[in-house]
Amino acid sequence: MNHKLVATALLSAALLAGCTSPNTATPTPGTQTDFGRLQALKPGTQDTINTKLKVNIVFVGYRQTPPGQPATARQINTQDFDQRLPGSYDAVNRIPSAYGRTEKTGTSFDFDYNYVFADQGFEDDFFKFVQSAGAEKPLTVQQGVYNCQGSDPDTGLPDCDAPAGNINRVITGNFEIDALKTENWLADNGARVGVKNGEYTIYFVNWYDRPDFKFHSYTRADAADTDTGAKFGARGSRRLIAWGGSARENAPAQRVWFYDLSANPDPWTNAYDVTNDDVDGDGAADYRMPPIWEYGTRKASIGYGRKVSPDLALVARYTAINLLFTPSPIYRAALTPPDMPEKINLDVHVEQGEGATDPNRLLNSALLQERVKVLQPFTTFSSTRKTTALDGDLADVYKCFFPVEAEDICSPDYADFSGEKLFQFGVKELREEYKTTPAGTYQLPIYSFNDNQDSQGGLLGVAYDDGETGTQSFVYSFLTPGLVAAGYGFTDTTVHETGHHLSLSHPHDGYDSEQDLSYGPSGRFYFVNTGDQSASIMSYNDLSRTFGQFNLDSQYRYLTAAYLNNTNAILELVRRANKAGSVSSAAQGADSKFVQAKTKYDALDYLGAAQLAHEGYRSVLNAAKSAGVPVTAYKWYENLNGLEGLSVGQGAKMRFSPTFKAQTGVVVFPEETAQQRKLRLMK
């Protein structure tokens, strides 16, 4: 027997067995905690749900710059996008963050961009469709002003005998196309350009360089105020170059926004004025995108020396991605952390001026509740309404809100010199209201002031915070005879402002997290006003009555993160109370729910993710309370300093900007500027 061979064979077998042993331990996923091993939950931690988000950028009617050649004025070079688009986004709660510490929502994104140039067949079919979806109409006032590059200062109508010499083309027609039908066509045909249903997609459209080009605009012509029926969509000022974000009934989510520089020129960004740099009169040049035929002009126009490719990249980043697809909210979606409410009562106070329009014609409470409940889908909504006379003490504090002269200022020792009196009035009423409010019910206080005279310049509403922590407090909406005559009622404004209270931002101002930059439609970001050209009642152009798909996506992401982080907070309370053993089973079950929620979240099923997160949160909250652990809802109205005549003076620390000018850091922008109001009231 060859012992050497036997020994070698045995050694080889032993080594082989060691390499392939079925008993090799596989690491258990997660982290060991007092509640056992958890994968998604991190007790005591403010966590962030990070996801990789694909963004498709589809060019329809544009041509790509040939390799090795310089880009012409209307060609697309994707390097312009690579240089300008963000790699990531980390959302913040904007108003709370303006009080000294940046407060993240717990939602962040890493972007994956997919550039597509539509083929000839797609383009031919698309432009054939738009010709079937529109009709010839008279030129709008704004198109006439473009031709003249001027208007009568009294009437605002075009004022010229011949077209201006510095424009590249005279607009000779106005083919109006239904914007919603256009959005739906692009969504339904996305597969032809490799876009899957439900993916975030920007379509950049250019009809101009085709032989079948028509001067055109997009419309939502039937859009009307809920209460007055005023047809805002019929106004020339509401002609569009962009649209998207519609929530389609009984259909999968579509996340499409199109932007067409060959349309109009855009009235919402004053793009019909290609002569003057400063269109809002604040002394700073306003960067906006001219109609596409002005790009590369040698004439004295804002299009001189401009190329469309880098401009479209700016629109993709600062409008579509930052403000529509992945925006930062203005308020916390949690409302009362860590014990989030299961019931919300819309507590409506109609303050009626003597002789003012019948409030029953101006406010539909049932419709208000129906429209806002989608923002808190796991919460039971109710509403109460009472009408009182706008007189006495209430009339006095209301007048303080709109001071005309310095001597009208009611609270000179307060940072909020005009609103403090009204705020304190509301706090007193709210404290009384909560004395009889069942536990677990959140009172959302709404004050609707129906004035019988034109006592202010046209403000429709505002969603106030508490002045100390950036927590949402009161919703105010305002009507005057002049605003009613202009077509406004209470319902749509109140839905808009309640949308703010429940977290949502405007689609025309926001925050860029990579640059730590707050910005709105002013100066070098004036062009972002096109964010309003989307299906959202948070817009200012009065073309939507409900919350669109982009709103719902954002809100359900905020809620998913809120349920996760408030569960983490509750588990920390349990740990400190030495009750982990009593809650461990619930924590393990909730952890499984959050793991499943993350899977749905990554698959863009944000409502499904929020539902699972809510279930996990409630199971832990209920277990903690059953174990005797006190979990207390934050009550902003009980945590206020400086009330009852005590001055806050220099102690105010909120970073507030009276304009939309871009600023480093997180700031609070106004509900409305004079320029926004001018646009809103424009015919």
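The values are calculated or read from the model by the stated rules, or taken from the named source; none is laboratory data. Everything numeric in this text was worked out from a predicted model, so none of it was measured. Don't worry about glycine lacking a Cβ; one is built from the backbone with ideal geometry, like all the others, and counts go over all protein chains shown. Protein only, heavy atoms only, side chains kept; ligands, DNA and RNA dropped before computing areas. Shrake-Rupley method; radii C 1.70, N 1.55, O 1.52, S 1.80 Å.
Go through (1) at negative phi; (2) crowded, with 24+ Cβ neighbours inside 10 Å one by one and return the number of the condition Asp282 breaks.
(2)
Out of (1) closer than 22 Å to Asn264 by Cβ; (2) exposed (fewer than 15 other Cβ atoms within 10 Å of the Cβ); (3) at pLDDT below 95, the odd one out for Glu136 is which?
(3)
Given the condition assigned to a strand (DSSP E or B) and open to solvent by less than 60 Å² (accessible area, probe 1.4 Å), answer yes or no: does some residue in region 59-69 qualify?
Yes - at least one qualifying residue is present in region 59-69.
Is there a residue being out of contact with any strand residue (DSSP E or B) (no Cβ under 9 Å at 6 or more places or on another chain) and in contact (Cβ under 8 Å) with a residue 24 or more places away in the chain anywhere in region 510-518?
no
Does Thr155 satisfy being touching a Phe, Trp or Tyr at 6+ places or on another chain (Cβ under 8 Å) and surrounded by fewer than 15 Cβ atoms within 10 Å (Cβ to Cβ)?
No.
May I ask you to verify whether Val372 is assigned to a helix (DSSP H, G or I) and either surrounded by 20 or more Cβ atoms within 10 Å (Cβ to Cβ) or in contact with a Pro (Cβ under 6 Å, 6 or more places away or on another chain) (or both)?
Answer is yes for this residue.
Looking at Ala561, is it of a type in the set (A, V, I, L, M) and open to solvent by 10 Å² or more (accessible area, probe 1.4 Å)?
no
Output yes when any residue across region 299-317 is assigned to a helix (DSSP H, G or I) and hydroxyl-bearing (Ser, Thr, Tyr), and no when none is.
Yes, some residue in region 299-317 is assigned to a helix (DSSP H, G or I) and hydroxyl-bearing (Ser, Thr, Tyr).
Rundown of residues vs (1) open to solvent by less than 10 Å² (accessible area, probe 1.4 Å); (2) more than 20 Å from Ala133 (Cβ to Cβ); (3) not polar (S, T, N, Q), yes/no style:
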site	(1), (2), (3)
Gly173	no, no, yes
Leu180	no, no, yes
Asn184	no, no, no
Gly194	no, yes, yes
Phe213	no, no, yes
Tyr218	yes, no, yes
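Which condition from (1) open to solvent by less than 10 Å² (accessible area, probe 1.4 Å); (2) under 22 Å from Lys373 (Cα atoms); (3) of a type in the set (A, V, I, L, M) is the one that Leu552 breaks?
Condition (1) is where Leu552 drops out.
When Leu460 is evaluated against the numbered criteria (1) under 23 Å from Arg361 (Cβ atoms); (2) without any contact (Cβ under 8 Å) to a residue 24 or more places away in the chain, which criterion, by number, is the only one it fails?
Unmet condition: (2).
Which condition number in (1) small (Gly, Ala, Ser); (2) open to solvent by less than 20 Å² (accessible area, probe 1.4 Å); (3) closer than 30 Å to Leu41 by Cα is the one that Ser513 fails?
If we test Ser513 against (1) small (Gly, Ala, Ser); (2) open to solvent by less than 20 Å² (accessible area, probe 1.4 Å); (3) closer than 30 Å to Leu41 by Cα, just (2) comes out false.
What number goes with the only condition from (1) open to solvent by 10 Å² or more (accessible area, probe 1.4 Å); (2) touching a residue at least 12 places away in the same chain (Cβ under 8 Å); (3) of a type outside the set (Gly, Ala, Ser) that Val495 does not pass?
If we test Val495 against (1) open to solvent by 10 Å² or more (accessible area, probe 1.4 Å); (2) touching a residue at least 12 places away in the same chain (Cβ under 8 Å); (3) of a type outside the set (Gly, Ala, Ser), just (1) comes out false.
What's the number of the condition Asp225 fails, among (1) touching a helix residue (DSSP H, G or I) at 6+ places or on another chain (Cβ under 7 Å); (2) surrounded by fewer than 19 Cβ atoms within 10 Å (Cβ to Cβ); (3) of a type in the set (D, E, K, R)?
The single condition Asp225 does not satisfy is (2).
What's the number of the condition Ala356 fails, among (1) touching an Asp or Glu at 6+ places or on another chain (Cβ under 7 Å); (2) surrounded by 21 or more Cβ atoms within 10 Å (Cβ to Cβ); (3) in contact (Cβ under 8 Å) with a residue 12 or more places away in the chain?
Condition not satisfied by Ala356: (2).
Look at Trp268 and say whether it is open to solvent by less than 10 Å² (accessible area, probe 1.4 Å) and under 23 Å from the mean Cα position of the chain (by Cα).
So Trp268 fits the description; yes.
Return the only residue of Asp347, Asp339 being assigned to a loop (DSSP other than H, G, I, E, B), surrounded by 19 or more Cβ atoms within 10 Å (Cβ to Cβ), among the charged types (D, E, K, R) and at negative phi.
Going through Asp347, Asp339 in turn, the sole match is Asp339.
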